[in-house]
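Here's the structure, in structure tokens; my notes come after.
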Amino acid sequence: MIQRKILVTGASRGLGRAIALELGKLGHTIAVHYGRSSAEAEEIATLIRASGGQAVLVQGDLSSLEGAKAVAVAANEALGGIEVLVNNAGITKDGLVMRMKDEDWDAVIDTNLSAPFALIRAAIRGMLNAKWGRIVNVSSVVGLMGNPGQANYIAAKAGLIGLTKAIAKEYGGKGITCNAIAPGFIESDMTEKLPEALKTKYLEGIPAGRFGKPEDVAAVIAFLVSDGAAYVNGQTIAVDGGLYAH
Ligand code: NAP
């Protein structure tokens, strides 16, 4: 297998942690991006090195376009080029539309949609030169099906699916693929915060009869960034135990 230079954003916790560890285990070089969780990020880099991969740390705030651009520059320097970009970092600031604060709308759109756009724009030049590249955007199944109380998050995640298709059409002829993952209910810090009643309701609708694990998502991303996935482009793959089967 060819070893790639991969930037995983938000790799310090949750899904990003599992994605970075899985790709590192396959022998790739991972830029472990983090915002605040430096100790966790360092631990992940150590685990990646122990499993046979290589790792560099990239710190940076993705809550603005400028911050995202700076992360792209830092990752590019640390890796010596970005061949694979996994836009994983994301936040929620839930609330009913009538009560949603302007700053909560902006924060979620900026971090979950605008930052991935800036990172893609920064990374794609190198991918074009190399005539090879892989972009995976971590969206959400609620970006496909909707959910009350998450208008900002759903708009951002649905926007990310649209961005995925746009990039796939613009650069699909240049050896670059861009796909999205739509995780369902995955056990993580983010989902820990959800009310019990909502968790029970979700579980009832999941044919798999369980919540997902970060590793379930990581396995699909490992495939999407591989050479074997060269003909998969512009797709959104739900990793949700059948929650959104349609
Ligand atoms: P998480 O455990 O809360 O971790 C979020 C990660 O994003 C952390 O590594 C965090 O870094 C980073 N991050 C957040 N805001 C940042 C910022 N402004 N600047 C830099 N880094 C920032 O989240 P998760 O549950 O693993 O979710 C990961 C992705 O999957 C998100 O895009 C989420 O929307 C999506 N998703 C999750 C689920 C689920 O069930 N968990 C379902 C569908 C989709 P630091 O801690 O270092 O600051």
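Bear in mind these aren't lab numbers, they're just calculated from the coordinates by the rules spelled out. Being a predicted model, the structure only gives us computed values, none of them experimental. Don't worry about glycine lacking a Cβ; one is built from the backbone with ideal geometry, like all the others, and counts go over all protein chains shown.
I want the local charge near A89. Using Cβ-Cβ distances under 15 Å, sum +1 for each Lys or Arg and -1 for each Asp or Glu among the other residues.
After counting each charged neighbour, the total is +2.
In terms of modelled amide H atoms, which long-range or inter-chain residues lie less than 5 Å from the amide H of I237?
For I237, the qualifying residues are A180, I181, A182.
Would you mind checking which residues have amide H under 5 Å from I176's amide H? H placed 1.01 Å from N; only 5 or more apart, or other chain.
So I176 has HN proximity to G133.
Normalised by the number of residues in the stretch 83-173, what is the relative contact order in percent for Cα pairs under 8 Å and 6+ residues apart?
Values: 104 pairs, mean separation 37.1, N = 91.
It comes to 41 percent, rounded to a whole number.
Out of residues 5 or more away from V56 or on other chains, whose amide H comes under 5 Å of its own, with H placed 1.01 Å from N in the peptide plane?
Counting only residues 5 or more places away or on other chains, the set is I30, A31, V32.
In whole Hz, with x marking every Gly and Pro, tabulate ³J(HN,Hα) for the stretch 193-204 from phi via Karplus 6.51 cos²θ - 1.76 cosθ + 1.60, θ = phi - 60°.
Working through the residues one at a time gives 6, 6, x, 4, 4, 5, 4, 4, 4, 4, 4, 4 Hz.
Gain in length, L96 to E77, computed as 0.36 nm per residue apart minus the alpha-carbon separation, to one decimal in nm?
Stretched out fully, the L96 to E77 stretch lengthens by 2.7 nm.
Under a point-charge model restricted to the Cβ atoms of Lys and Arg (+1) and Asp and Glu (-1), what is the dipole moment magnitude of the chain relative to its Cα centre, in debye to the nearest 20?
620 debye
Quick check for me: using +1 on Lys/Arg Cβ and -1 on Asp/Glu Cβ, what's the dipole size of the stretch 143-216 about its Cα centre, in debye to the nearest 20?
Values: 9 positive and 8 negative charges, 65 e Å.
Computed charge dipole of the stretch 143-216: roughly 320 debye.
Expressed as an acute angle from 0 to 90° and rounded to the nearest 10, what is the orientation of the C-alpha long axis of helix 65-79 relative to the principal long axis of the chain?
Approximately 40 degrees, to the nearest ten.
Based on DSSP H runs of at least 4 residues, each adding -39500 (n - 2.57), what is the mean residue ellipticity at 222 nm of the chain after dividing by all its residues, to the nearest 500 deg cm²/dmol?
Details: 10 runs with 113 residues, N = 246.
That calculation yields -14000 deg cm²/dmol at 222 nm.
What percent do you get for the relative contact order of the chain when only Cα pairs under 8 Å and 6+ apart count?
Once divided by the residue count of the chain, the mean separation gives 19 percent.
Using +1 at the C-beta of Lys and Arg and -1 at the C-beta of Asp and Glu, which of A18, I2, I44 has the Cα lying farthest in the positive direction of the dipole of the chain?
Among A18, I2, I44, the one farthest towards the positive end of the dipole of the chain is I2.
In the stretch 114-203, with Lys and Arg counted as +1 and Asp and Glu as -1 at Cβ, which of these residues, A123, Q150, A180, has the Cα nearest the positive end of the dipole, that is, farthest along it?
Most positive-ward Cα: A123.
Determine ³J(HN,Hα), in whole Hz, for all residues of the stretch 169-182 in sequence, where each value follows from phi through the Karplus function 6.51 cos²θ - 1.76 cosθ + 1.60 and θ = phi - 60°; x replaces Gly and Pro.
6, 6, 10, x, x, 10, x, 10, 10, 9, 10, 10, 10, 10
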